[in-house]
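This report concerns only the one structure given below.
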Amino acid sequence: MKFNKTLLACVPLVAALTSPMLQAAVIDVTIDGSDAIFLAGRTDLTIPAANLPWTGPGDYLIRHGGPTPEEIKETLPPIFAINAGDIIRALDPAVGGVSFFNGVGDPFYGPSGNGLSGSSLTSLGGISGYIGPQGALTGVFLSDAIPSAGAPSTLDFSPLGLGIDFLSLAPEIGQIFYIGDGKTSLDVFQTFLAPTGATRLALGIPDGFGFNGPAGAYDDNDGSYRIRIGINEVPTEVPEPANLVLLLLGLAGIGIGRKLRR
């Protein structure tokens with residue numbers, strides 16, 4: 001018995017496109033200049049009023065010694081639910097600007113930050129450090145636990161490390177990763193894979209005095225970034241699985257009919 005090769009070749013593709021898909025979602029997020037990525041998931045901390053210093057011992061963010069024109073109080077970064085294995089990517093390039101200096105207004109940094117490197121910040125609690133462009137939009141995957149201890153290693157997004165032009169990335173839980181505007185220099189949207197045990201994703205900003213050393217100096221930040229995040233989003237140009245099955249079977253039928261006529 002002979003089998004039609006066209007039909008057999010279609011089977012793996014049909015199976016892949018008709019298999020159960022991960023749950024998809026689209027989320028619009030605004031990230032303020034005060035959204036400290038190092039505070040992601042830290043519901044165990046009390047953030048003091050803007051005119052008061054953080055007090056230790058323990059995990060805390062450093063502030064200016066006196067009042068700033070902005071007097072910004074640090075905020076917990078926005079968090080949304082995800083599942084292990086989810087594929088995260090920007091659906092539109094991130095936009096907006098944040099000023100990291102005393103005095104409201106310019107200069108503003110965009111979501112990609114300032115330069116290709118220049119920031120090297122240490123870990124806080126269970127959140128890793130950050131190496132890469134200054135003031136860029138970043139993310140961190142979290143489990144259900146409060147990340148109060150056991151910070152993972154720090155990823156290096158400087159030109160000497162991973163850089164910022166990677167196509168995909170699979171960070172560990174608690175490992176800060178660079179997002180920037182969400183695209184490579186060739187305008188390809190980057191993807192981020194949620195690790196085993198991940199239940200949440202936080203988006204925030206890494207900051208510190210001179211963008212180096214201990215995390216902090218958020219009390220003079222103003223402005224915000226905005227991004228549209230897709231979770232397991234399938235490009236709209238991909239045909240629906242059912243329609244694609246019919247199309248492939250139809251093409252296979254044409255091939256069988258031609259053979260019979262011959």
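Just so you know, all these numbers are worked out from the coordinates, no wet-lab data involved. All figures in this text were calculated on a predicted structure; none of them were measured in a lab. Cβ sites come from the backbone with ideal geometry, for glycine too, and all protein chains shown count toward neighbours.
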Quick one: net charge around Arg42, please, counting Lys, Arg +1 and Asp, Glu -1 for every other residue with C-beta under 11 Å from its C-beta. -3
Can you tally the net charge around Ser99? Count Lys and Arg as +1, Asp and Glu as -1, for every other residue whose Cβ sits under 9 Å from the Cβ of Ser99. -4
Which value in Å is the Kirkwood Rh of the range 31-122 over different Cα pairs? 15.8
Report, as a whole number in µm² per second, the diffusion coefficient that Stokes-Einstein gives for the range 28-234 at 10 °C and 1.306 mPa s using the Kirkwood radius over alpha carbon pairs. 95
Express in whole angstrom the spacing between the alpha-carbon centres of the range 114-133 and the range 29-99. 14
What ranking do Phe141, Phe108 get, fewest neighbouring Cβ atoms within 10 angstrom at the top? Phe108, Phe141
